[in-house]
Each structure stands twice: as C-alpha cells, then as structure tokens.
Amino acid sequence: MELLHFTGQVWRPPYEASSQLLQVTAGCTHNKCKFCSLYHGTKFRLSPIAEVEEDLKVIQDYQPRARRVFLTGANPFALSYNRLLDLGLLIRKYLRHCESIGMFSRISDIKSKTVEELQNLRHLGFDSISIGTESGDDDTLAMMNKGYTANDIIEQCKKLEEANIRYNFVYLTGLAGRNKGEQNAVNTANAFNQLHPFTINFVSLTVFPESELYQEIQCGNFVEATEHERLLELRTFISNLCIETTLLGNTVSNTVPFVGMIPNDKVRILNELDSAIRNAGEDELRLYRDSIVSL
C-alpha cells in the first residue's frame with residue numbers, strides 16, 4: 001500500500017474527522033506560545049510541491065470522491081497567497097469532487113493577504129478555517145506570547161467575513177491563570193461579539209512537561225486556575241456571548257462536555273455548568289485533568 005508523506009505530529013479538529021488529510025506543512029511558524037506542546041521537537045517544514053502531488057495521486061486512487069481536504073500542520077495559512085493558490089489548483093486537478101479546503105491558521109497569517117486575495121481563495125474552495133485564538137484578552141495574549149492582540153483578531157477576521165470565508169475559533173479556559181478567568185472571559189466575549197465565528201471550540205488548559213508554561217509553573221511564575229474557576233470562567237464567557245454560533249465543548253480536556261447552539265441552547269448549557277459547579281468536587285475534577293495523557 002502506498003503511504004502519504006506525514007512529518008512529526010499531525011492534528012486535526014474533531015469536526016474534520018471525515019476530511020481527507022493532506023500534508024503541505026509540518027510544525028508551526030510561530031512556535032512561541034508558552035502553553036503549547038503540540039508540535040514539540042518539530043521544525044517548521046514546507047512540503048515540496050512534487051511531494052504534495054505524489055500524495056494527491058495516492059489519494060486519487062484510494063479516495064477519488066473526497067469532498068473536503070484538510071491541510072495539515074499548525075498553520076498552513078501562513079503560506080503565501082500564490083502558494084495557496086497553486087495548492088488549491090493542484091487539489092482541484094486530482095480531486096474533482098472536492099468542494100472545500102480547510103486548515104489551521106494563526107491570526108497573523110491572515111494579515112499578509114488582501115480581501116481580494118482571500119476572495120480568490122474562497123472561490124477555489126478555501127473555507128471553514130480553524131483559528132487558535134485561545135483568548136481575546138490582551139493581557140492573556142501577551143503573557144502567553146500569542147503574537148497578536150484582540151484588535152488584530154477583530155480586524156483580520158472581518159477580512160475573512162468580507163471574503164465570505166467561514167472560520168472557527170478556539171477558547172482556552174484557564175489560560176489567564178488563577179483569579180484572572182473572569183477578566184479573560186468578559187474581554188474575550190466582548191471581542192468575539194464583534195465577529196461571526198462559525199463555531200467556538202472550547203479546550204481547557206492542560207499543561208505538559210514539553211511546554212514553556214510547565215517550567216514557569218515549576219518555578220512559581222504561573223499559578224493554574226482551579227477546575228471550579230475554569231467552569232466559572234466558561235459560564236461567564238457564554239453568558240456574555242451575544243452572537244449566533246455553535247459551541248463545541250466536547251474535547252477530552254473539558255471536565256464538563258457540552259455541545260449546543262446559541263442563543264437557542266444557551267440556558268441549557270449554563271444550567272449544565274451550574275450543576276457541575278454545585279455538585280462536582282475540585283479533587284475529582286483535578287484527578288480527571290491529571291489523567292489526560294494527550295490532547
């Protein structure tokens with residue numbers, strides 16, 4: 001059996017489970033976020049076009065009717081407009097039934113592309129881009145070396161909206177640290193309320209030894225939020241959210257999994273969180289967190 005080229009760690013969002021994976025990059029162009037260990041030890045690598053074409057030929061043989069392709073790597077949207085254009089045309093050449101192309105992106109990856117260029121990419125099928133925003137609070141973003149501000153999030157995602165490209169956000173509870181979740185939640189909700197993310201995906205901070213943040217915790221420079229604080233932060237964020245979107249909180253890192261649409265399911269989700277806050281013990285919740293070996 002012919003094998004596809006994959007280098008280092010390969011991650012995809014849960015909602016991309018049915019998508020055909022195609023490597024165009026490996027690793028992360030930024031690789032400075034304190035909390036992240038997802039691409040530990042993997043240097044950023046750009047897949048040669050010839051290698052991508054080899055993989056597409058294999059996919060054409062085994063999955064010729066693939067309708068969606070997800071480009072792997074931490075942030076393939078960092079590639080230049082022309083490179084993405086070439087990749088989109090190549091995918092269309094080999095997978096004629098492909099309707100859309102997704103990938104991870106950083107906010108900074110959007111900045112270099114004009115609205116017109118984004119519109120052209122949308123015409124080629126680039127859509128439903130997943131963005132690891134993590135927070136919309138400037139203090140938290142700066143502390144974690146995200147490399148952009150809340151205003152950057154708003155400006156760049158409005159460009160995506162103008163180009164009719166759907167996008168998905170990630171919100172990382174606990175990222176602000178002990179006693180700072182309320183501020184993080186309110187400021188992030190205020191930022192997100194100015195936009196129209198297709199989904200908001202919830203992850204709860206789970207620190208692994210490979211991350212810079214792990215070392216800061218050991219030195220006492222960062223104190224983790226308690227599990228109950230995270231649930232209260234999550235509740236505050238959702239209660240302050242005023243837009244129509246889908247909430248996906250069913251990843252392994254969430255002690256209280258949930259899925260729903262707002263505003264329709266807002267009351268139900270808040271009630272579920274309230275129940276957990278009242279009835280779940282801190283030790284029980286922390287024991288679950290400590291049992292997580294991989295995200």
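Just name the residue that is surrounded by the fewest Cβ atoms within 10 Å (Cβ to Cβ) out of those in the stretch 124-179 that are of a type in the set (G, A, S) and not in a loop (DSSP other than H, G, I, E, B).
Start the filter on the stretch 124-179 by keeping residues that are of a type in the set (G, A, S), which leaves 125, 128, 130, 132, 135-136, 142, 147, 150, 163, 174, 176-177.
Those still in the list that are not in a loop (DSSP other than H, G, I, E, B) too: 130, 132, 142, 150.
Values: S130: 24, G132: 23, A142: 12, A150: 22.
Per the criteria, the residue is A142.
Could you tell me which residue of the stretch 223-273 is nearest to G136 (Cα to Cα), considering only residues that are of a type in the set (D, E, K, R) and touching a helix residue (DSSP H, G or I) at 6+ places or on another chain (Cβ under 7 Å)? Don't jump to the end; show me each part of the working.
Just the residues of the stretch 223-273 that are of a type in the set (D, E, K, R), to begin with: 224, 227, 229-230, 233, 235, 244, 265-266, 268, 272.
Subsequent filtering for residues that are touching a helix residue (DSSP H, G or I) at 6+ places or on another chain (Cβ under 7 Å) retains 224, 227, 229-230, 233, 235, 266.
Working: E224: 19, E227: 21, E229: 18, R230: 16, E233: 13, R235: 16, K266: 20 Å.
Selected residue: E233.
Do we find a residue being at pLDDT 95 or above, under 30 Å from G174 (Cβ atoms) and outside the structural domain of N201 (by TED's automatic domain parsing) anywhere in the stretch 77-93? So that I can check it myself, show each step before the final result.
Residues of the stretch 77-93 at pLDDT 95 or above: 77-93.
Filter once more, keeping what is under 30 Å from G174 (Cβ atoms): 77-78.
Those left that are additionally outside the structural domain of N201 (by TED's automatic domain parsing): 77-78.
Scanning the stretch 77-93, I find at least one residue that is at pLDDT 95 or above, under 30 Å from G174 (Cβ atoms) and outside the structural domain of N201 (by TED's automatic domain parsing), so the answer is yes.
Within the stretch 1-43, can you find the residues that are of a type in the set (V, I, T) and either outside any loop (DSSP other than H, G, I, E, B) or surrounded by fewer than 20 Cβ atoms within 10 Å (Cβ to Cβ) (or both)?
Correct list: T7, V10, T25, T29, T42.
Select from the stretch 190-209 the residues that are more than 19 Å from M143 (Cβ to Cβ) and surrounded by fewer than 21 Cβ atoms within 10 Å (Cβ to Cβ) and list them in ascending order.
N193, Q194, L195, H196, F198, T199, P209
If R67 satisfies every condition in (1) within 30 Å of A191 (Cα to Cα); (2) in contact with a Ser or Thr (Cβ under 9 Å, 6 or more places away or on another chain) but one, which is the exception?
(1)
Only one of (1) surrounded by fewer than 20 Cβ atoms within 10 Å (Cβ to Cβ); (2) more than 19 Å from Y39 (Cβ to Cβ); (3) under 16 Å from the mean Cα position of the chain (by Cα); (4) of a type in the set (S, T, Y) is not met by S100, so which one is it?
Every listed condition holds for S100 apart from (3).
What residue, among those in the stretch 103-123 that are surrounded by 20 or more Cβ atoms within 10 Å (Cβ to Cβ) and among the β-branched types (V, I, T), is nearest to A74 (Cα to Cα)?
The selected residue is I107.
Quick one: is K32 touching a helix residue (DSSP H, G or I) at 6+ places or on another chain (Cβ under 9 Å), in the same structural domain as I101 (by TED's automatic domain parsing) and among the basic types (K, R)?
On the way: touching a helix residue (DSSP H, G or I) at 6+ places or on another chain (Cβ under 9 Å): yes; in the same structural domain as I101 (by TED's automatic domain parsing): yes; among the basic types (K, R): yes.
Here the answer is yes, as K32 does meet what is asked.
Does the stretch 44-63 contain at least one residue that is out of contact with any Ser or Thr (no Cβ under 9 Å at 6 or more places or on another chain), surrounded by fewer than 18 Cβ atoms within 10 Å (Cβ to Cβ), farther than 24 Å from F208 by Cβ and basic (K, R)? Spell out the reasoning first.
Let us first name the residues in the stretch 44-63 that are out of contact with any Ser or Thr (no Cβ under 9 Å at 6 or more places or on another chain), namely 48-54, 56-63.
After this cut, where a residue has to be surrounded by fewer than 18 Cβ atoms within 10 Å (Cβ to Cβ) as well, the list is 48-51, 53-54, 57-58, 60-63.
Next cut, farther than 24 Å from F208 by Cβ only: 48-51, 53-54, 57-58, 60-63.
Pick out the ones that are also basic (K, R) and you get 57.
Within the stretch 44-63, one or more residues are out of contact with any Ser or Thr (no Cβ under 9 Å at 6 or more places or on another chain), surrounded by fewer than 18 Cβ atoms within 10 Å (Cβ to Cβ), farther than 24 Å from F208 by Cβ and basic (K, R).
The values are calculated or read from the model by the stated rules, or taken from the named source; none is laboratory data. This structure is a prediction, so every number in the text was calculated from the model and none was measured. Ideal geometry is used to build each Cβ from the backbone, glycine not excepted, and the neighbour counts take in all protein chains shown.
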